[in-house]
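Working notes, beginning with the structure itself.
The values are calculated or read from the model by the stated rules, or taken from the named source; none is laboratory data. A quick note: this is a predicted structure, and the numbers were derived from the prediction, not measured. Note: ideal-geometry Cβ built from the backbone for every residue, glycine included; neighbour counts use all protein chains shown.
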Amino acid sequence: MALLPILCYPDPRLHTVAKPVAAVDDRIQTLVADMFATMYDANGIGLAATQVNVHERLIVIDASEDRDQPLVLINPEVVWASPETQVSDEGCLSVPGIYDGVARSVAVRVTALNLDGQPHTVEAEGLLAVCIQHEMDHLLGKVFVEYLSPLKRNRIKTKMVKARQLAEREAGR
Ligand code: K1U
Ligand code: ZN
């Protein structure tokens, strides 16, 4: 298994719209294993293929407390979202150190293929529902900071650019 580099906001590649996975083959099996390794290593609860610069509709999630309930969503589609919404704090491995409130549906129903290429339906609420909606946005090229005010978003962008410049300067020493 390999740890994959995660794209950091405001990398323009994070705004790429993902294409459907054509076949659940060995390449996808390896990518899923690498994405889980990368997500667990970064202490995340989800990761979209977009974040590792693969622009195909694929998400891995483990929102369980014991980190023992891996969920693979290939070509996911939200077939139902509750009209009731709730604001909760979100983070993103592509925007490290930033947490802010976003309004999302309280519950969602999603259909997707699993790692065997079989269709399955996931009904989610709470943190899992929030995470699924956050990851589905990544596949559409949307990062959660785009729900924040332009002022907050620009501050975050500046902070990320400065942090990147500092890291590159330090690595060059
Ligand atoms: O997409 C990502 O970058 C992963 C992201 C998923 C996510 C977390 C929280 C709300 C919505 C989506 C993360 O895993 S961020 C880091 C994290 O582990 C975390 C942050 C806040 C609450 C719970 C977990
Ligand atoms: Zn994210």
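Odds and ends about this structure:
- Against the list (1) of a type in the set (Gly, Ala, Ser); (2) in contact with a Ser or Thr (Cβ under 6 Å, 6 or more places away or on another chain); (3) within 14 Å of ligand 1 (Cβ to nearest atom), the condition Ala63 fails is (2).
- Which numbered condition Ser88 fails, given (1) out of contact with any helix residue (DSSP H, G or I) (no Cβ under 8 Å at 6 or more places or on another chain); (2) outside any loop (DSSP other than H, G, I, E, B); (3) of a type in the set (Ser, Thr, Tyr): (1)
- Members of region 102-118 found to be touching a strand residue (DSSP E or B) at 6+ places or on another chain (Cβ under 6 Å) and more than 15 Å from ligand 2 (Cβ to nearest atom), listed by number: Ala103, Ser105, Val106, Ala107, Val108, Arg109, Val110, Thr111, Ala112, Leu113, Asn114, Leu115
- Here region 85-108 is the region considered, the condition is being under 16 Å from Ile132 (Cβ atoms) and more than 10 Å from ligand 1 (Cβ to nearest atom), and the residue that is surrounded by the most Cβ atoms within 10 Å (Cβ to Cβ) is Val108.
- Scanning region 85-121 for residues that are touching a Gly at 6+ places or on another chain (Cβ under 9 Å), within 14 Å of Ile156 (Cβ to Cβ) and hydrophobic (A, V, I, L, M, F, W, C) gives Cys92, Ile98.
- Looking across region 104-136, not a single residue is under 16 Å from the mean Cα position of the chain (by Cα) and without any contact (Cβ under 8 Å) to a residue 12 or more places away in the chain.
- Boolean, Ala129 is within 15 Å of ligand 1 (Cβ to nearest atom) and either surrounded by fewer than 16 Cβ atoms within 10 Å (Cβ to Cβ) or modelled with pLDDT under 95 (or both): no
- Strands (runs of 3 or more DSSP E) contained in region 93-144 and holding at least 1 residues closer than 26 Å to Leu4 by Cα, touching a Lys or Arg at 6+ places or on another chain (Cβ under 9 Å) and of a type outside the set (S, T, N, Q): 100-105, 107-113
- In the condition set (1) farther than 14 Å from Leu4 by Cα; (2) within 16 Å of ligand 2 (Cβ to nearest atom), Gln69 is compliant with all but (2).
Conditions tested, residue by residue: (1) more than 25 Å from Val106 (Cα to Cα); (2) not small (Gly, Ala, Ser).
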{"residue": "Ile6", "(1), (2)": "yes, yes"}
{"residue": "Pro12", "(1), (2)": "yes, yes"}
{"residue": "Pro20", "(1), (2)": "yes, yes"}
{"residue": "Arg27", "(1), (2)": "yes, yes"}
{"residue": "Ala42", "(1), (2)": "yes, no"}
{"residue": "Glu56", "(1), (2)": "yes, yes"}
{"residue": "Ile74", "(1), (2)": "no, yes"}
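- Complete set of residues in region 145-173 that are assigned to a helix (DSSP H, G or I) and in contact with a strand residue (DSSP E or B) (Cβ under 6 Å, 6 or more places away or on another chain): Tyr147
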